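Only one structure is covered here, and it is reproduced in the block below.
The values are calculated or read from the model by the stated rules, or taken from the named source; none is laboratory data. Quantities reported herein were computed from a predicted structural model and do not represent experimental measurements. Virtual Cβ from ideal backbone geometry, glycine too; neighbours counted across all protein chains shown. Each accessible area value is taken on the protein alone, full model and side chains, heavy atoms only, with ligands, DNA and RNA left out. Shrake-Rupley method; radii C 1.70, N 1.55, O 1.52, S 1.80 Å.
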Protein chains: 2
Amino acid sequence: VIWLNGGLIAPESARIDPADRGFLLGDGLFETFIAIDGGPIFLAEHLDRLCEGARALAIPLPVEAPGIAEAVHAVIAANVALGRRLAVRITLSRGPGARGLLPPADPSPTLLVSAGVYRNPMPSTGASATIVNEFRRNEGSPLARLKTLCYLDGVMACAAAQRSGHDEAILLNNAGNIACGSRANIFVGLDGVLATPPISDGVLPGITRSFALKSAASLGYEVREVSLPAEAIIEAREAFLTNSLFGVLPLRRIGVTPFEEGPICRAVRNAYRAVSE
Amino acid sequence: VIWLNGGLIAPESARIDPADRGFLLGDGLFETFIAIDGGPIFLAEHLDRLCEGARALAIPLPVEAPGIAEAVHAVIAANVALGRRLAVRITLSRGPGARGLLPPADPSPTLLVSAGVYRNPMPSTGASATIVNEFRRNEGSPLARLKTLCYLDGVMACAAAQRSGHDEAILLNNAGNIACGSRANIFVGLDGVLATPPISDGVLPGITRSFALKSAASLGYEVREVSLPAEAIIEAREAFLTNSLFGVLPLRRIGVTPFEEGPICRAVRNAYRAVSE
């Protein structure tokens, strides 16, 4: 059962308008997160990011954040029989519009909430990643900092990484600096310092990324948001990914280089587990 | 009346699946062009580009190019009463998929064809454009060379240009070179030479762009596909836009600088009119 524009509905009966700008132009936003035993993890943070994104794109909210939260809880409740852990997705598009790029003056946005059984797309002990040089993050667009429906670069980079035997792609930006994974933020650790690329390098401000930064700092590690050349990841002592579905995940191999799970990753991972299990 | 997945249907009855990856991830392609008195302009070239894009994205065609052409002709015929000039759009998405980035092993792509009355979004005597610095084209992604559903940068750049009193945005890439408009290719002319940015600068290989290059060359102008720094457009004697809907259109103002329609634009525009009116 999903939520579409104001109520619960069976997916077979749900209809997205062929003139929806989400479908035609990628004109919208989404959020994904998990719910455990009916409780969505970091829902407030995801709603904050969604609302900020909607403001940046001038997409009016069909209902305010508490109304979206209600829809999320309704969908989770309706799908609770599926399992303990659900993957939840909120999709907000600008809704139908007339032909052409310019948004309608008075849009009727589409709000879709769905939930399914959570299946970890990653090996739970750690991931293997490779730099996919041919897909760069666009640090020159403010949309790289929003979770928009324009996700095809991530799709293609992820597929390319998997074709070469890896779980995840590492994307550089056009300046050649490390930006992120196809669906994750990336951290490197070296001698008690934890570093991750700044948002301005074409990075999505991940909810789990924020959690990792705060929790590492509170555990006494020095934390830096700093541009990282591609070499930094090979020279690091440890590296890990963060994502709202699979949480904090050590990188066990980057290209041909093996890695051990390091102390910072272990500490942050434990802190994350404490709030998500 | 539109075409959706194998037949004509009233738009009110047409349904895009909420699990369609075109809606959820921008995972698809589109083409737009005009039809005059029932005849689509450069249909073969648009179908070639669509099929090449589908190959690049590994989206299987639900029907081969002649079948798509049939759908296009059926939609045009069904909407012929709307007027002499129609704007036609083909949308091809990867279709519904399970949760997650990775494409389904056996996709059922969505093919949508629609047509509406053509309304020129531009002043017919020429356009005013401005460099929108804050949205850069991503020359580091092969998807910048495909007409994917991920079009939100174009939407936002176009809206920003119009807020500042212009008809069109000029987008630079991350290297600071001119790439294109939000929905057009761009040409500059200087002393008998016509220049346009190369595809590798983050440029969509426009059908009208190709026409303009060929027709200028056959008219005896020297034609160059070459990276153009932002200054090049101000130093040019003339500049124009190309697009499959509004054709060849002189730029009459760039930022605060007025331009006259120049001889190369006039010649190319006349050549384009000969095939599209």
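Dipole of region B:198-263 computed with +1 at Lys/Arg Cβ and -1 at Asp/Glu Cβ about the Cα centre; of B:GLY262, B:VAL226, B:SER210, farthest Cα towards the positive end is B:SER210.
Taking a Cβ cut-off of under 14 Å around B:ASP201, the surrounding Lys, Arg, Asp and Glu residues balance to a net charge of +4, with basic ones at +1 and acidic ones at -1.
Given Cα pairs under 8 Å that are at least 6 residues apart, what percent is the relative contact order of chain B?
Values: 560 pairs, mean separation 48.2, N = 277.
Computed value for chain B: 17 percent relative contact order.
When Rg and the Kirkwood Rh are both derived from Cα coordinates, the Rg/Rh ratio for the protein assembly as shown amounts to 0.98.
Dividing the convex hull volume of the alpha carbon atoms of region A:50-89 by its residue count gives 72 Å³ per residue. In whole percents, the pair-distance distribution calculated for region B:137-277 from its alpha-carbon pairs, binned every 10 Å from zero, is 12, 46, 35, 7.
Taking every residue in B:137-150 and counting other chain Cβ atoms within 10 Å of its Cβ, the average works out to 6. With both labels modelled 7 Å from their Cα along Cα-to-Cβ, the A:ALA217 to B:ARG55 distance reads 5.1 nm.
Highest-first packing order for the peptide set A:3-9, B:40-46 is B:40-46, A:3-9, based on the mean count of other beta carbon atoms within 10 Å. Sorted shortest first, the separations between the B:ASN133 label point and its copies elsewhere in the assembly read 3.2 nm; each point sits 7 Å from Cα along the Cα-to-Cβ line.
Could you tell me whether region A:123-187 comes out rounded, prolate or oblate from its Cα gyration tensor? Rule is a ≥ b ≥ c as square roots of the eigenvalues, rounded for a/c under 1.5, then prolate if a/b exceeds b/c, otherwise oblate. Can you show the working numbers first?
Values: a/c = 1.70, a/b = 1.59, b/c = 1.07.
In terms of gyration-tensor shape, prolate.
The relative contact order of region B:153-277 comes to 22 percent, based on Cα pairs under 8 Å that sit 6 or more residues apart.
What separates the A:GLY176 label point from its copies, with the point 7 Å along Cα to Cβ, is 1.7 nm, written shortest first. For chain B, place one equal point scatterer on every Cα, skip the solvent, and apply the Debye formula. What is log10 of I(q)/I(0) at q = 0.07, 0.08 Å⁻¹? The Cα Debye sum returns log10 ratios of -0.26, -0.34.
Based on the Cα gyration tensor of region B:55-156, what are the three equivalent ellipsoid semi-axes, each the root of five times an eigenvalue, rounded to whole Å and given largest first? Please list the in-between numbers first.
Details: eigenvalues 153, 131, 22 Å².
Semi-axes, largest first: 28, 26, 11 Å.
When only Cα pairs under 8 Å and 6 or more residues apart are kept, what is the percent relative contact order across region A:73-204? Kindly include the intermediate steps, with their values, before the conclusion.
Working: 194 pairs, mean separation 26.5, N = 132.
For region A:73-204, the relative contact order is 20 percent.
By the Cβ rule of 4.7 Å, the protein assembly as shown holds the following cysteines without a possible disulfide partner: A:CYS51, A:CYS158, A:CYS180, A:CYS265, B:CYS51, B:CYS158, B:CYS180, B:CYS265.
Comparing mean-square fluctuations of A:ILE264, A:ILE36, A:ILE178 from a GNM of chain A with C-alpha springs under 10 Å, the top value falls on A:ILE36. Of all the options B:ASN243, B:ASN120, B:ASN138, the one that moves most in a Gaussian network model of chain B with Cα springs shorter than 10 angstrom is B:ASN120. Extending 7 Å from Cα along the Cβ direction at A:LEU102 and again at B:ALA74 yields two label points whose distance is 3.4 nm. Ordering B:221-228, A:26-33, A:253-260 by mean Cβ neighbour count within 10 Å, with the highest value first, yields A:26-33, B:221-228, A:253-260.
Looking only at other chains, what is the average number of their beta-carbon atoms within 10 angstrom of each beta-carbon in B:10-21? Walk me through the intermediate numbers first.
On the way: counts 0, 4, 3, 1, 5, 7, 10, 5, 12, 7, 4, 4.
Counting Cβ atoms of other protein chains within 10 Å of each residue's Cβ and averaging gives 5.
Between copies, A:ALA274 shows label-point distances of 7.7 nm, shortest first, with the point placed 7 angstrom from Cα along Cα to C-beta.
Placing A:ARG237, A:ARG137, B:ARG183 in order of accessible area, with the largest value first and a 1.4 Å probe, yields A:ARG237, A:ARG137, B:ARG183.
Other protein chain C-beta atoms within 10 Å of residue C-beta, averaged over B:156-163: 3. Between helix A:207-218 and chain A there is an angle of about 40 degrees, using the helix long axis and the longest principal axis of the Cα atoms. Each principal axis of region B:22-100 carries a Cα extent, and these read 44, 21, 16 Å when sorted largest first. On a per residue basis, region A:1-107 carries 40 Å² of accessible surface, using protein heavy atoms and a 1.4 Å probe.
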